[in-house]
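Colleague: Next up is a structure, given as structure tokens.
The values are calculated or read from the model by the stated rules, or taken from the named source; none is laboratory data. All of these numbers come straight from a predicted model, not from anything done at the bench. Reconstructed Cβ throughout: ideal geometry from the backbone, glycine too, with neighbour counts over all protein chains shown.
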Amino acid sequence: MTEARRRARVFCARFGLGLPVLQAPMSGSSPPELAVAVAGAGGMGAGGVLRDSPRRIAEWAEEFRAGSSGAFQLNVWIPETSEPDPAERQRLIDGARQFLGGFGTPGEPGGPDPPVFREQCEAMLAARPTAVSSIMGLFEPDYVRRLHARGIAWFACATTLDEALAAEDAGADAVVAQGMEAGGHRGSFRQEDAERAEVGLFALLPRLADRLRVPIVATGGIADGRGLAAALTLGASAVQVGTVLLRCPETGTSREWAAALEDLGPEDTVTTRAYSGRLARAVRTAYVRAWAEPGAPRPALFPDQLRLVGQWRRGTTDGLDRSNYWAGQSAALATEEPAADVITRMWTSACGLLPG
């Protein structure tokens, strides 16, 4: 058996999987139905709980378990520890508000209050998933100990070797190596460094594999068996996929967003802060392009930009995307098929490419 196959087999045995494919925990695009379908194919389902209350986290886990006894992860963002300068923060808000005025009339301000991070963490403990995963930072040591005491693994997203080593030292059971090709938000620990640290997955993987002791889960631009086989060959034990599942019926992606992914070239995705204030890869829509034009202001910080965009979406606007069109660079490989078929085909194809 080759080393690549051995790593995948060990990872699958440890976490109760039939094949080394994890669903990306996409906040707002990870309904229990999708996780059930992925787990049913032998992979690991996922829920992104960034916007979820403790009650909704518990309900999501119950709905998943009603349809599957398989493995699943729950994912949350780590809050920033430093407060921005109030005057600078307000300056960015004012500039973003004025710029958004060019897209129409805003609706009422407000929206639901964001959930409390510590309460979310307690709810994830109570849900007892296979793994709890983090992005944009590390959990506190006490929380890691509590996870492990309940038999819950911790998967930590990292975009650089320094971040990966810090996660390993902090007790992570696996590192999710996120390449710049990935759709959605960048996992950089320091948001001000996110643009500088845009490293491609196949450059990042060998660098991590040569230094880490814990398993690596590769994510970013993987959408078929070729990418899966390549990731395992370069040192990963499993892969995590998101964009390739966005057109699956179980995901519930809006018709407009799904249509934007069809035959989308890698060059037609860009990293932007225009939706949330944090760097993320999305479709290069007219709205996203506008924020990159000369003279356009820098988007407000998170969550201010997110709230402002939400306010304008509640109003009467023209040219503002009605949802965040997240997309990885392999979006063109996404198909309108059941998620189980996508996952199964990926692994079957990879097996045909990997040496025995």
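Colleague: Say whether the condition of being closer than 21 Å to G220 by Cα and in contact with a helix residue (DSSP H, G or I) (Cβ under 6 Å, 6 or more places away or on another chain) is met by at least one residue in segment 283-304.
Modeller: Within segment 283-304, one or more residues are closer than 21 Å to G220 by Cα and in contact with a helix residue (DSSP H, G or I) (Cβ under 6 Å, 6 or more places away or on another chain).
Colleague: Filter segment 78-118 down to the residues that are without any contact (Cβ under 8 Å) to a residue 60 or more places away in the chain and among the β-branched types (V, I, T), then identify the one that is nearest to I135 (Cα to Cα).
Modeller: It comes out as T81.
Colleague: Then there is this: Filtering segment 24-54 down to residues that are among the charged types (D, E, K, R) and touching a helix residue (DSSP H, G or I) at 6+ places or on another chain (Cβ under 8 Å), which residue is farthest from G310 (Cα to Cα)? Walk me through it before giving the result.
Modeller: Within segment 24-54, the subset among the charged types (D, E, K, R) is 33, 51-52.
Among the residues that remain, those that are also touching a helix residue (DSSP H, G or I) at 6+ places or on another chain (Cβ under 8 Å) are: 33, 52.
Details: E33: 26, D52: 17 Å.
Among those that are among the charged types (D, E, K, R) and touching a helix residue (DSSP H, G or I) at 6+ places or on another chain (Cβ under 8 Å), it is E33.
Colleague: Right, another one. Being surrounded by 19 or more Cβ atoms within 10 Å (Cβ to Cβ), modelled with pLDDT of 95 or more and not hydrophobic (A, V, I, L, M, F, W, C) is true for just one of D173, D162, D169. Which residue is that?
Modeller: Unique residue meeting the criteria: D173.
Colleague: Mind listing whichever residues of segment 263-288 are touching a residue at least 60 places away in the same chain (Cβ under 8 Å), assigned to a loop (DSSP other than H, G, I, E, B) and in contact with a Ser or Thr (Cβ under 7 Å, 6 or more places away or on another chain)?
Modeller: Across segment 263-288, the qualifying residue is only L279.
Colleague: Quick check, is A8 within 14 Å of the chain's Cα centre (by Cα), crowded, with 24+ Cβ neighbours inside 10 Å and touching a residue at least 24 places away in the same chain (Cβ under 8 Å)?
Modeller: Values: within 14 Å of the chain's Cα centre (by Cα): no; crowded, with 24+ Cβ neighbours inside 10 Å: yes; touching a residue at least 24 places away in the same chain (Cβ under 8 Å): yes.
It is false that A8 is within 14 Å of the chain's Cα centre (by Cα), crowded, with 24+ Cβ neighbours inside 10 Å and touching a residue at least 24 places away in the same chain (Cβ under 8 Å).
Colleague: Separate question: Please find, within segment 96-149, the residue that is nearest to A170 (Cα to Cα) out of those that are of a type in the set (A, V, I, L, M) and part of a loop (DSSP other than H, G, I, E, B). Give the derivation first.
Modeller: Of all residues in segment 96-149, those of a type in the set (A, V, I, L, M) come to 96, 100, 116, 123-127, 131-132, 135-136, 138, 144, 147, 149.
Those left that are additionally part of a loop (DSSP other than H, G, I, E, B): 116, 136, 138.
Values: V116: 23, M136: 14, L138: 8 Å.
Checking each candidate, the answer is L138.
Colleague: May I ask you to say which residue of G227, G235 is part of a helix (DSSP H, G or I) and buried (at least 17 other Cβ atoms within 10 Å of the Cβ)?
Modeller: Step by step, each of G227, G235 is checked, and only G227 is part of a helix (DSSP H, G or I) and buried (at least 17 other Cβ atoms within 10 Å of the Cβ).
Colleague: Could you tell me whether segment 226-236 includes any residue that is within 27 Å of F302 (Cα to Cα) and touching a helix residue (DSSP H, G or I) at 6+ places or on another chain (Cβ under 7 Å)?
Modeller: No, there is no match, as no residue in segment 226-236 is within 27 Å of F302 (Cα to Cα) and touching a helix residue (DSSP H, G or I) at 6+ places or on another chain (Cβ under 7 Å).
Colleague: Continuing with the same structure: From the list R56, R51, R65, exactly one residue is of a type in the set (K, R), outside any helix (DSSP H, G or I) and surrounded by fewer than 22 Cβ atoms within 10 Å (Cβ to Cβ). Which is it?
Modeller: R51
Colleague: With the condition kept exactly as written, say whether any residue in segment 304-318 is farther than 21 Å from A87 by Cα, β-branched (V, I, T), in a helix (DSSP H, G or I) and more than 19 Å from the chain's Cα centre (by Cα).
Modeller: The answer is no, given that none of the residues of segment 304-318 is farther than 21 Å from A87 by Cα, β-branched (V, I, T), in a helix (DSSP H, G or I) and more than 19 Å from the chain's Cα centre (by Cα).
Colleague: Are any of the residues in segment 86-94 surrounded by 15 or more Cβ atoms within 10 Å (Cβ to Cβ) and assigned to a helix (DSSP H, G or I)?
Modeller: From segment 86-94, those surrounded by 15 or more Cβ atoms within 10 Å (Cβ to Cβ) are 92-93; that's our starting set.
When the remaining residues are screened for being assigned to a helix (DSSP H, G or I), the result is 92-93.
Yes, because at least one residue in segment 86-94 is surrounded by 15 or more Cβ atoms within 10 Å (Cβ to Cβ) and assigned to a helix (DSSP H, G or I).
Colleague: A further question follows. With (1) under 24 Å from Y275 (Cα atoms); (2) surrounded by fewer than 24 Cβ atoms within 10 Å (Cβ to Cβ); (3) modelled with pLDDT of 95 or more as the list, and A203 as the residue in question, which single condition is left unmet?
Modeller: Status for A203: all satisfied but (1).
Colleague: Does segment 28-43 include one or more residues that are at pLDDT below 95, surrounded by fewer than 21 Cβ atoms within 10 Å (Cβ to Cβ), in a loop (DSSP other than H, G, I, E, B) and of a type outside the set (F, W, Y)?
Modeller: Yes: segment 28-43 contains one or more residues that are at pLDDT below 95, surrounded by fewer than 21 Cβ atoms within 10 Å (Cβ to Cβ), in a loop (DSSP other than H, G, I, E, B) and of a type outside the set (F, W, Y).
Colleague: From the list R65, R97, R91, pick out the single residue that is among the basic types (K, R), under 17 Å from A127 (Cβ atoms) and over 21 Å from the mean Cα position of the chain (by Cα). Before the answer, list the steps.
Modeller: On the way: R97 fails: under 17 Å from A127 (Cβ atoms); R91 fails: under 17 Å from A127 (Cβ atoms).
Answer to the check: R65.
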